[in-house]
Amino acid sequence: MPEQPPPQPQPYEPEGAVAGTGMGGGMDLAASEATTLAPGPDGGDGAGPQERPRSLWSDAWRDLRRNPVFLLSALVICFLVVIAIRPSLIAPGNPLSCDLARAQDGSSPGHPFGFDGQGCDVYTRTVHGARASVTVGVCATLGVAVLGSVLGALGGYFGGAWDAVLSRVTDIFFAIPVVLGGLVLLSVVTSNTVWPVVGFIVLLGWPQIYRIARGSVITARQHDYVQAARALGAPDSRILLRHIAPNAVAPVIVVATIALGTYIALEATLSYLGVGLKPPSVSWGIQISAASPYVRNAPHALLWPAGALAVTVLAFIMLGDAVRDALDPKLR
């Protein structure tokens, strides 16, 4: 039998192993880290699942969740929306039920805000007045945002005569004073619903959103991905909806959120002047108007609806500021 060669002694390896790099050099590995560099279960290089790239919206939501201003304003707005939908949850009384014998009385058990000049419960009317104010603000904002965004996208993308005509029309609407226009247009309306006020706000409010949307679309259409989509033969409708709109809608959302509070204040102003909502409708503007002659004898009838209006407008403005800070990449 051939003689077996003696076994060769294994070289001593210290705790820090040396792994060849394949380039004539070495790489020091600790004993606990000298593992086989095999592909991981996900088919990668063993580094684990890759983190999905974050978008502007995910970054904005992460910042908003950490912003105490956003959390506080969102909590107030959620409460206002709930009482606007179901005011009877916290004010089961009838806002139209009045007792002249208790006119201008102060707070009493069951009536924490007292009574107004007509003997109506101020607390009940303040809670029920949130429905009209919030409805006007939300519906007017949606109408303004949709109309202004659609016209702004068309004008900014196609340009030409269409853009020139719309730009001159917006100049005309900007020259109309809002309160004066409301006094003229709404003075001939006899309806007691919120829809004439909503229609008036949409009529005079869309030019602001139009200019914001137009500028965003003009900026977005010059980017390389839009030019690439156009070179590949994508139709204009697809380019607008899939490529330009998602990248141009952020400024519109910011402006519309801030404008919502101003629209609520505008409704209260028009109702105070007698051309907005009219009795027997219940709104904060009507309450403030009715309580103004008795402000010395019964200031509570004015302060509570005015305070509710101020808190609501402030909450929406704070929400808009928080959204603007989260969506503006220049502030990062």
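Looking only at residues in the stretch 172-187 that are free of Cβ contacts under 8 Å to residues at least 24 places away in the same chain and under 12 Å from P207 (Cβ atoms), the one that is surrounded by the most Cβ atoms within 10 Å (Cβ to Cβ) is I172. Considering the stretch 242-273, and only residues there that are over 20 Å from the mean Cα position of the chain (by Cα), open to solvent by 40 Å² or more (accessible area, probe 1.4 Å) and modelled with pLDDT of 90 or more, the residue that is nearest to W61 (Cα to Cα) turns out to be T269. Look at (1) buried (at least 18 other Cβ atoms within 10 Å of the Cβ); (2) modelled with pLDDT of 90 or more and you find that W195 fails only one, number (1).
Among the residues of the stretch 278-322, those identified as touching a Ser or Thr at 6+ places or on another chain (Cβ under 9 Å), open to solvent by 20 Å² or more (accessible area, probe 1.4 Å) and either more than 21 Å from L186 (Cβ to Cβ) or without any contact (Cβ under 8 Å) to a residue 40 or more places away in the chain (or both) are I288, S289, H300, L302, W304, G307, A308, L314, I317, M318, L319, D321.
Considering the conditions (1) more than 19 Å from P112 (Cα to Cα); (2) over 23 Å from the mean Cα position of the chain (by Cα); (3) among the polar types (S, T, N, Q), T312 is excluded by exactly one of them, (2).
Among the residues of the stretch 210-241, the ones that are of a type in the set (K, R) and modelled with pLDDT of 90 or more come to 2 in all. If the condition is being touching a residue at least 12 places away in the same chain (Cβ under 8 Å), open to solvent by 80 Å² or more (accessible area, probe 1.4 Å) and more than 15 Å from P246 (Cα to Cα), then the stretch 203-235 contributes Q208, R211. A single entry from D236, D328, D224 fulfils the requirement of being closer than 30 Å to L72 by Cβ and not aliphatic (A, V, I, L, M): D328. Filtered by the rule that a residue be more than 28 Å from I239 (Cα to Cα) and of a type in the set (V, I, T), the stretch 154-185 gives I172, I176, V178, V179, V184.
The values are calculated or read from the model by the stated rules, or taken from the named source; none is laboratory data. Note that the structure is a prediction, hence the values are computed from the model and not measured. Every residue, glycine as well, gets a Cβ built from its backbone with ideal geometry; the counts of neighbours run over all protein chains shown. Surface accessibility is based on the protein's heavy atoms, side chains included, excluding ligands, DNA and RNA. Shrake-Rupley method; radii C 1.70, N 1.55, O 1.52, S 1.80 Å.
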